[in-house]
Amino acid sequence: MITNIRKKKLLQGISAMMLGFLFVLTGPSQADSANESEIPAKKQDSRPDLPKSDRSTDHEGSEVDLLTKSSSVSISTQEILPARSLTNDLLYQILSADIAEQRGLDVYAYETMLDVAKETADPRLARRAAEIAVKNRNIKDALQAVRLWHKLAPQSEEAEKYLLGFLVLDNRLDEVKDYFSSRLAAATPEKRVALFYQLQQLLAGTKNKSDAFAIMEEVAAPYQDIPEAHLSLAVSALMKNDRSRARDEVQKALVLKPDSEMAVLTYAQVSSNTSEAIDILSAFLLKYPESREVRISLARLLLGQKKYENARQEFEILLNSDPQDLMALYSLGLLSIQENDYISAEKYLERYLGTSSAQSTENRQELIQVLFLLSQIAEEQHRYDESLQWLSRINPDEDDEVALGVEIRKAQIYAKKGNVNRARKIITDLANENPYEREKLLLTEAQILKEVKRTKDAFNVLKSGVAQFPQNTNILYDYALAAENLGKYGIMEESLKRIIEIDPNYQQAYNALGYSLADRNLRLDEAFILIDKAIKLTPDDPYIIDSLGWVFFRQGDLDLAEQNLRHAYKLRSDNEIAIHLAEVLWTKGNRQEALSLFSKVKKKDPDNDLLNSTLTRLKIKL
């Protein structure tokens, strides 16, 4: 099948993409570490995240200002400042260091500021010296300044945090080991949990994962009765790709604490495959059904395996336990769209809007996505005024990309309402206001014209686009499809071959050319070679698999045709795939199943051109 990936089944495509993002959106929220003080299995970056001040300037994107207003509160409460008056000489040295930094004399600025910090014993100036060193990407100087800061303010948790971070960056792991060994020995059992978590986070940022594991193993040795010690070892082992040791440590943690969510999540992470991970989490939930984080992780794994119905069941359990769970509402909305259940999708997404507003906890990007989806659902059902109303509720808030997307959607809807001139004017105005988006807007205008059956106008727009942007493979691809719709097969072949020349990995060009040849029953051996190349580039693309099945059908191999078309239809219940499969079944004599598929497509899309032409050719009346 020839498809335009950017436009075909837009709504389902977006929902599928967002379902993919749920891997991130529904990941463990560290509730375990908050409630149980356990160690998350997720790898963290331990490099110091130093805040910027309101007076700092960005120096090629690398400046990090350690002196911030927020941290000054920390200093006043945790750091004892010296009883030292600000003399003219001290003021001169501080100002000269600042001026030197502004002029790019970072070495002089650092040395001067560090000297003044030593002279005054003021931790704020040591911190400022560290900032200058970080800006200059000098880890050793930064470490020296942070050491002084920590020495001058030993009670400052912030100074301690940055000292440990820079020790890791400078690969001084023995010092890190000694620090945590000492702290753990003196800590209460509750604080030991947090210390293991902190150490695991720090070691995640080391370059040599084997050295990091050796440090963790030595530090954890006296604490074999603490589940978090084993979890820390499991994470460290996993970072050095020692899954066997990681599994052993997780199992020890689960023996000590069978109801630990973080332990079972880590166990799933170190499992040999996704199916095993699903089994592990499912078994845990049978014993501990209230484990929210585990259920979320199970749901996202099921999404990854495209087991949408199973994932839906898990999200419904989450929603039943908390009817105001925004994540569950959003996920169920996306799943409903994926299954073409627009009634349920609207119900969940509108509930999301109401709940989000009531809670005053709006996730702006997610909210925009929900409004877009509701607009597209209304559009799919030809409720165009309602679709425009949903779009009007989107506030771009100076986000040019969102604003552009809203206007493009408005143009597409006006075209569907029959006001093509207004739609084209919107696109023209956008092109004038956004010269860097001309290629995208040109494709949009052509698509609008194609959807209202003005195929020749769409072809001319794309023809002019090819002249303006001869290397743009997306424009060339749509130009080829428009040419094919007009029966200009020579232009189509030439354009698709040009795409392959520009981008040898553009799988849809191979697929489109191969399918076109097969559909016209021409050069079938060449068609097979082209589609086989597309399959190798994208093995699980249902549309390309459909094309392969169609080649086999044209070659007379009905069994292979049926096998591939069934596989494609299982991956995506697309109308055109269903029509191809139904024709193969009809030809093989399986008339009952063929009629069932034809009827299903007729019910969903009675005006489908391919369906009606196929039924006419086969002399079938439904």
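The values are calculated or read from the model by the stated rules, or taken from the named source; none is laboratory data. As the structure is a prediction and not an experimental result, all values here were calculated from the model. Note: ideal-geometry Cβ built from the backbone for every residue, glycine included; neighbour counts use all protein chains shown. Surface areas here come from the heavy atoms of the whole protein model, side chains and all, with no ligands, DNA or RNA. Shrake-Rupley method; radii C 1.70, N 1.55, O 1.52, S 1.80 Å.
How far, in degrees from 0 to 90, does helix 243-256 lean away from the longest principal axis of the Cα atoms of the chain, to the nearest 10?
Helix 243-256 sits at roughly 70 degrees to that axis.
Considering only lysines 8 or more places apart in sequence, or on different chains, count the pairs in the stretch 417-485 whose C-alpha atoms sit under 19 Å apart.
Step by step, the pairs that qualify in the stretch 417-485 add up to 11.
According to a simple spin-label model (label point 7 Å from Cα along Cα-to-Cβ), what is the distance in nm between Leu595 and Gln305?
3.8 nm
Quick check: net charge around Ala568, other residues with Cβ under 12 Å of its Cβ, Lys/Arg +1 and Asp/Glu -1?
Surrounding charge for Ala568 is -3.
Based on a Kirkwood Rh over C-alpha pairs, give the Stokes-Einstein translational diffusion coefficient of the stretch 452-539 at 20 °C and viscosity 1.002 mPa s in µm²/s.
164 µm²/s
Report the label-to-label distance for Ala214 and Asp607 in nanometres (one decimal), using points 7 Å from each Cα along the Cα→Cβ vector.
Label at Ala214, label at Asp607, 7.2 nm between them.
Any of Lys536/Lys588; Lys306/Lys600; Lys588/Lys619 with alpha carbons more than 18 Å apart? Name them for me.
Lys536/Lys588; Lys306/Lys600
Under the rule of -39500 (n - 2.57) per DSSP H run of 4 or more residues, summed and divided by the residues of the chain, what mean residue ellipticity at 222 nm is obtained, to the nearest 500 deg cm²/dmol?
Value at 222 nm, helices only, nearest 500: -23500 deg cm²/dmol.
For the ranges 380-387, 401-408, what's the packing order if you count other beta-carbon atoms within 10 Å of each residue, average per peptide, and put the highest first?
401-408, 380-387
Ranked highest first by average number of other Cβ atoms within 10 Å, how do 139-146, 412-419, 186-193, 523-530 line up?
So the order, starting with the most tightly packed, is 139-146, 412-419, 523-530, 186-193.
Return the lysines within reach of Lys257: Cα separation strictly under 29 angstrom, same-chain partners fewer than 8 residues apart disregarded; answer none if there are no such residues.
Lys42, Lys43, Lys177, Lys191, Lys209, Lys240, Lys287
Just the number please: accessible area per residue for the stretch 106-157, 1.4 Å probe, all protein chains included, in Å².
Spelled out: the 1.4 Å probe surface of the stretch 106-157, per residue, equals 43 Å².
Taking the alpha carbon gyration tensor of the chain, what are the square roots of 5 times its eigenvalues, largest first, to the nearest whole Å?
Working from the Cα gyration tensor, I get semi-axes of 56, 33, 24 Å.
Taking the Cα centre of the chain as origin, sum charge times position over the Cβ atoms of Lys and Arg (+1) and Asp and Glu (-1), and report the length of that vector in debye to the nearest 20.
My answer is approximately 2080 debye.
Report the Cα-based extents of the stretch 202-343 along its three principal axes, largest first, to the nearest Å.
58, 30, 25
Nearest 10 degrees, 0 to 90: what angle lies between the long axis of helix 591-604 and the longest principal axis of the chain (Cα atoms)?
Result, in degrees: 70.
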